[in-house]
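Heads up: the structure comes next, in structure tokens.
Where a number appears in this text, it was derived from the coordinates with a stated rule and is not lab data. What you see is a predicted model; the values in this text were computed from it and never measured. So basically every Cβ, Gly included, is an ideal-geometry build from the backbone, and we count neighbours across all protein chains shown.
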Amino acid sequence: MRLTDAKRIVIKIGSALLVNPDGTIRQAWLDALAQDVAAFRAAGQEVLIVSSGSIAVGRRILGLGDGALKLEEKQASAATGQIRLAHAYQTALARHEITVAQILLTPSDTEERRRHLNARATLLQLLKLGAVPVINENDTVATSEIRYGDNDRLAARVATMASADLLVLLSDIDGVYTADPRKDPAAQHIPEIRAVTPEIEAMAGDAVPGVSTGGMITKLDAAKIALAGGCRMAIALGRDDHALGRLAEGAKASWFVPSDQPVTARKRWISGTLKPVGEVVVDAGALAALGRGKSLLPAGVRAVGGSFERGDAIQIKGPDGRVVGKGLSAYSSEDAIRIVGKRSAEIGEILGYDGRSELIHRDDMSIDPAEIAVADT
């Protein structure tokens, strides 16, 4: 896949690329990045940015120097630097009439089901409205035990959460080599990787000294997450201006290629990983619609069983009780019972708030076509 083939792209930017050693933002570099993002947007591509840099910027503003920071000093630096960082992105992209939205995430926001769904819904709505989400880890409230420690893995989590088809990690190096090319002139570049094997991991080096916290090993960890989620990933050289434009033109990079597409992998995750805690029984009309790849609407549900909350996995059963699939419920069991058999337009009046029109969205559902065919006979 070329960069120009992707429909939804997550771009990860590290501190070393965005922030000078003195803590100032590399404004010319950021302006060039904004031009590249604007070009992608003009071509019909959606872009999300995962950006480091808040601590590197904030520590200088607070006069904390170059030494190792305590956790509370990192949190204070992040709180201070995030404002400066968000303003820099806003200014750079506003020149191209692009709206920026800031999102701060913690690990639990991507890993706990209900928070995952909320964050995903926000990201997708921002993209629908034409904004570019700029995402960072919420360092102001994170602790040393739960922090990602770098934004490579966070970017991969965001990519799978948003069903992106491409993740680009802009780095100080143009990909994976058989050895550290800074130390071994015989090191060979690897242009395509289909699985992160122990042999590939053995090739990873250390992070570059300075403001960067990640290294090749964290990028390979990100690749594992992306590949499992059906998202392609590229590690590309990002130091020079217009790094994204260069990549779009075919600049050297290491491309990680998965076996599945994002939605397919997400459905497999729902089907094979999550334990259902409830169930819904659908009528014949809804069963046929599910077989055509449609979402499950409340009007097609005949009964609700079990106790579950919004975001929990539940089984989907046909009229004969046969399990035909599994999905993530957009409502709690209590609310689902109240809207069974009702039209989507009635949900707001019944529940007292405007919820989603689907009980289970098709992207949050894994259906077994064979079971659908049996249940429909």
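Here are a few things to note about the model shown:
- Rounded to the nearest 20, the size of the Cβ-charge dipole of the stretch 233-377 about its Cα centre is 280 debye, with Lys and Arg at +1 and Asp and Glu at -1.
- Cross-link partners of LYS183 among aspartates and glutamates (Cα-Cα below 18 Å; sequence separation of 8 or more within a chain): ASP172, ASP174, GLU201, ASP206
- Tensor-based shape of the stretch 7-112 (alpha-carbon gyration tensor, a/c under 1.5 rounded, otherwise prolate or oblate): oblate
- Scanning the chain for GluC sites (Glu not before Pro) that sit in a DSSP loop and have at most 10 other Cβ atoms within 10 Å, the longest stretch containing none of them is 146-377.
- Share, in percent, of DSSP beta bridges within the stretch 1-154 that are antiparallel, nearest 5: 5
- Identified option (computed mean projected area of the Cα convex hull in nm²; candidates (1) 25.3; (2) 19.0; (3) 20.2): (3)
- As a calculated quantity, the FRET efficiency between LYS252 and GLN27 at R0 = 41 Å, using C-beta atoms, amounts to about 0.95.
- Partner aspartates and glutamates for LYS70 [C-alpha distance under 18 Å; skip if fewer than 8 residues away on the same chain]: GLU137, ASP139, GLU145, ASP150
- Over 18 Å between alpha carbons, listed pairs LYS12/LYS219; LYS267/LYS326; LYS128/LYS294; LYS267/LYS294; LYS275/LYS317: LYS128/LYS294
- Pair GLU73, ALA202: separation of 7 Å Cα→Cβ label points (nm): 3.9
- Centroid-to-centroid separation of the stretch 281-343 and the stretch 148-178 [C-alpha atoms, Å]: 35
- Looking at the chain alone, DSSP beta bridges between its own residues are antiparallel in about 40 percent of cases.
- Potential lengthening of the chain between THR91 and VAL277 amounts to 62.3 nm, from the contour at 0.36 nm per residue minus the alpha-carbon distance.
- Cα-centred dipole magnitude for the chain, charges only on beta-carbon of K, R (+1) and D, E (-1), debye, nearest 20: 500
- 10 Å beta-carbon shell around ASP260, net charge (K/R +1, D/E -1): +3
- Take the Cβ atoms of ARG343 and ARG113, set R0 to 30 Å, and the FRET efficiency comes out at 0.65.
- Neighbour-limited loop hits for chymotrypsin sites (Phe, Trp or Tyr not before Pro), the stretch 299-377 (at most 14 other Cβ within 10 Å; DSSP other than H, G, I, E, B): TYR353
- Summary value for the chain: 14 percent relative contact order, contacts being C-alpha pairs under 8 angstrom separated by 6+ residues.
- Over all projection directions, the Cα-based convex hull of the stretch 183-287 averages an area of 11.4 nm².
- A simple spin-label model places pseudo-atoms 7 Å from Cα toward Cβ; at GLU192 and LYS294 they are separated by 4.0 nm.
- Neighbourhood net charge (10 Å Cβ-Cβ; Lys/Arg +1, Asp/Glu -1) for ALA6: +1
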